[in-house]
There are 2 protein chains.
Amino acid sequence: MTSGLPFDDIRALLKSMPGPDLEAAAKARTREVTLTKPPGALGRLEHISEFIATWQHHYPPRADRTVVAVFAGNHGVVAQGVAAYPQAVTAQMVANFQSGGAAVNQICKAYDLGLKVFELALEQPTTDFTQEAALSEKDCAATIAYGMEAIAGGCDVLCIGEMGIGNTTVAAALSCALFGGEPEEWVGPGTGVDEDGIKRKADAVRRGLALHKDHLNDPLEVLRRLGGRELSAMAGAILAARLQNIPVLIDGYVATAAAAVLFKADPHTLDHCLAAHCSAEPAHKKLLAKLGKEPLLELGMRLGEGSGAAMAAGIVKAALACHNGMASFESAGVSKKEA
Amino acid sequence: MTSGLPFDDIRALLKSMPGPDLEAAAKARTREVTLTKPPGALGRLEHISEFIATWQHHYPPRADRTVVAVFAGNHGVVAQGVAAYPQAVTAQMVANFQSGGAAVNQICKAYDLGLKVFELALEQPTTDFTQEAALSEKDCAATIAYGMEAIAGGCDVLCIGEMGIGNTTVAAALSCALFGGEPEEWVGPGTGVDEDGIKRKADAVRRGLALHKDHLNDPLEVLRRLGGRELSAMAGAILAARLQNIPVLIDGYVATAAAAVLFKADPHTLDHCLAAHCSAEPAHKKLLAKLGKEPLLELGMRLGEGSGAAMAAGIVKAALACHNGMASFESAGVSKKEA
């Protein structure tokens with residue numbers, strides 16, 4: 001790319017990601033071994049505490065202000081018959097989030113999480129990627145920037161989720177473009193299409209990749225040509241969280257596909273991210289493996305809308321409660337392990 | 001066994017377990033499909049809602065009063081060098097639970113769960129099972145009855161956990177007696193013994209099984225000869241919960257071994273129980289498979305004290321919040337799946 005194009009600012013940002021706070025990590029490890037339990041007995045909860053401190057650049061780690069950010073967009077590729085629900089459902093579900101009726105609302109209430117919903121020009125679906133690039137570079141860069149702005153104001157931990165009829169096809173296209181393989185390996189039932197629908201999804205992905213094949217070496221080009229608004233915004237939010245020292249919980253297949261764009265630009269870009277869960281959408285497990293992320297939960301969920309990330313936020317809260325609240329062997333008068 | 005012995009009352013109880021409430025289950029399924037999500041999209045959360053309603057014999061399912069019951073006991077078999085910590089730690093950890101310093105306290109606080117701790121004659125460890133039966137039939141039956149009483153007063157959901165230095169060896173002995181195989185398949189590091197310690201554990205189990213070999217066809221005999229007070233009480237609590245329509249979340253390896261005694265008496269005895277998590281203690285996965293239980297969580301935890309069950313209680317709370325709180329397609333004005 002030549003200088004001055006909108007993606008250049010993002011490329012520059014990708015080169016200036018802050019690293020881990022090793023001092024905060026060391027403080028977490030130092031405290032962990034004093035707590036009244038055998039070393040390592042809390043398993044991944046212990047890793048979570050250290051991870052959150054490391055990427056918050058702060059000790060003790062905290063999750064009092066955890067926010068679920070849900071980005072919603074519409075997709076031209078639904079014209080290819082890839083979705084089980086009509087496109088109007090994207091806006092209807094946004095209204096449902098706003099009135100408190102969706103699954104993610106209930107999980108947020110259960111775990112005292114904040115919820116922010118961002119509509120991304122739902123009345124302007126992206127272009128059908130089997131015909132043309134989904135977004136112009138300008139639109140894509142602006143949407144990434146919008147995603148970055150969206151989390152301004154801050155939170156302790158950010159959960160990233162999405163809503164967008166048709167967007168598991170988009171996630172499959174991105175995954176296939178970024179990591180190779182056959183389209184069939186990356187598509188699945190999504191919200192519940194049948195075998196024919198899955199074939200239409202694979203076919204759309206195949207045609208999209210063929211159309212854009214000369215531009216797929218650049219992850220940001222992959223994002224704008226095959227991606228969508230909510231995926232661009234999620235990528236922006238993940239970047240902004242890194243710059244603001246906010247660890248991220250990535251939700252399902254679609255959110256992970258957005259993250260994968262950043263991973264391909266530089267694998268360390270996702271070092272502040274945990275995979276919240278492994279979705280029932282078959283390709284999610286494979287995509288997580290490509291990113292080297294082991295999910296915290298595997299509950300057969302496949303809803304998107306940040307619901308899996310919100311579930312994982314409950315785990316994070318309990319992990320930090322243990323780390324920050326437990327007594328030490330000394331303070332509790334508990335004998336240590338025999339030599 | 002001849003009539004009139006203390007175990008007879010328990011055997012009678014085991015034959016009078018209430019079955020599932022199929023009407024409550026049907027109500028849960030009927031509501032589930034009206035909620036604003038693709039059918040099945042919440043995965044195991046949907047099963048949890050139906051399960052809780054089924055075994056609460058009540059619709060809607062509820063988890064407002066969820067209690068973690070931790071049973072603590074001491075074990076004569078620690079004389080065989082099977083534990084990494086001195087026996088005094090059992091009482092010290094009970095004091096830590098009571099003063100709020102343990103991991104389970106923090107998790108309970110994070111998820112608004114009640115915590116009840118029951119000390120079982122900590123100053124009277126069971127007899128070393130490599131020498132004699134751990135408990136007399138009278139003691140064992142009385143402790144089962146104590147466990148049954150312990151949950152009187154009621155709760156919506158019961159989490160079962162334990163504390164007892166040496167009790168992973170006891171769990172291994174029970175598991176090996178109930179399900180066969182070599183002692184080496186059922187022992188592990190527990191709170192952190194080294195390779196030699198693991199060998200001592202396997203050796204103790206082998207000698208225990210040899211000593212009691214003529215009495216291991218009867219699960220209750222297995223419990224009293226190789227088990228312990230906290231395991232007997234946990235078995236009682238699981239039984240009483242069934243009789244009181246309280247679904248149970250079973251914690252780690254030791255709690256699962258107590259449950260396994262009931263399973264061997266009658267597999268349906270555990271129909272109201274969910275496996276909260278799969279512990280890092282290697283034999284736990286195998287034991288859960290014997291019981292046909294798929295754990296909700298797998299976070300590498302191996303602490304006992306109800307900590308894994310308490311984590312799973314957080315999942316249950318969110319599951320019920322979704323089931324009970326979500327809007328329906330109709331009420332939210334969301335279009336249903338296209339035909």
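In table form, for the structure just shown:
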read-out: Ascending list, in nanometres, of distances separating the residue B:33 label from those of the other copies (7 Å, Cα toward Cβ); value: 5.7
read-out: Exposure proxy ranking, count of Cβ atoms within 10 Å, fewest first, for A:170, A:261, A:94; value: A:94, A:261, A:170
read-out: Prolate/oblate/rounded label for the stretch A:212-299 (Cα gyration tensor, a/c 1.5); value: oblate
read-out: Kirkwood Rh (inverse of mean 1/r, distinct Cα pairs), the stretch B:1-108, angstrom; value: 18.7
read-out: The stretch A:95-191 - convex hull of alpha carbons, volume per residue in Å³; value: 148
read-out: At R0 = 35 Å, FRET efficiency that the Cβ-Cβ distance of residue B:34 and residue B:285 yields, to 0.05; value: 0.45
read-out: Charge tally in the Cβ shell below 10 Å around residue A:191, where Lys, Arg are +1 and Asp, Glu are -1, residue A:191 excluded; value: +2
read-out: Rg(Cα)/(2.2 N^0.38 Å) for the protein assembly as shown, N = residue count; value: 1.02
read-out: Sequence of B:256, A:269 once ranked by neighbouring C-beta atoms within 10 Å, starting from the fewest; value: A:269, B:256
read-out: Simple spin-label estimate for residue B:331 and residue B:95 in nanometres, 7 Å along Cα-Cβ; value: 5.1
read-out: Prolate/oblate/rounded label for the stretch B:179-253 (Cα gyration tensor, a/c 1.5); value: oblate
read-out: Alpha-carbon Rg with Dmax, taken over chain A, Å; value: 20.3, 70
read-out: Inter-copy separations for residue A:100, label at 7 Å along Cα-Cβ, nm, ascending; value: 2.9
read-out: Relative contact order computed over the stretch A:82-176 (Cα-Cα under 8 Å; 6+ residues apart), in percent; value: 41
read-out: Label spacing, shortest first and in nm, from residue A:132 to its equivalents in the remaining copies (7 angstrom along Cα→Cβ); value: 9.0
read-out: Order of B:186, A:55 - criterion: other Cβ atoms within 10 Å of each residue's Cβ, fewest first; value: A:55, B:186
read-out: Where N is the number of residues in the stretch B:1-64, Cα Rg divided by 2.2 N^0.38 Å; value: 1.64
read-out: Under-5 Å amide H pairs with residue A:118, H placed in peptide plane, nonlocal only; value: A:70, A:71, A:72
read-out: Counted charge near residue B:309, where neighbours are those whose Cβ lies closer than 12 Å (Asp, Glu -1; Lys, Arg +1); value: -3
read-out: Relative contact order, percent, chain B [alpha-carbon distance under 8 Å, six or more residues apart]; value: 24
read-out: Rotational relation B to A, axis-closest Cβ in chain B, residue and distance rounded to whole Å; value: B:314, 2
read-out: Eligible aspartates and glutamates near residue B:27 by straight Cα distance, threshold 16 Å, same-chain separation 8 or greater; value: B:46, B:50
read-out: Violating pairs (Cα-Cα greater than 20 angstrom) within the set A:109/B:336; A:15/A:264; B:109/B:317; A:199/A:290; value: A:109/B:336; A:199/A:290
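Every number here is computed from the coordinates shown, using simple stated rules; none is lab data. Values in this document were obtained by computation on a predicted structure and should not be read as measured data. Please note: Cβ atoms are built from the backbone with ideal geometry, for glycine as well, and neighbour counts cover all protein chains shown.
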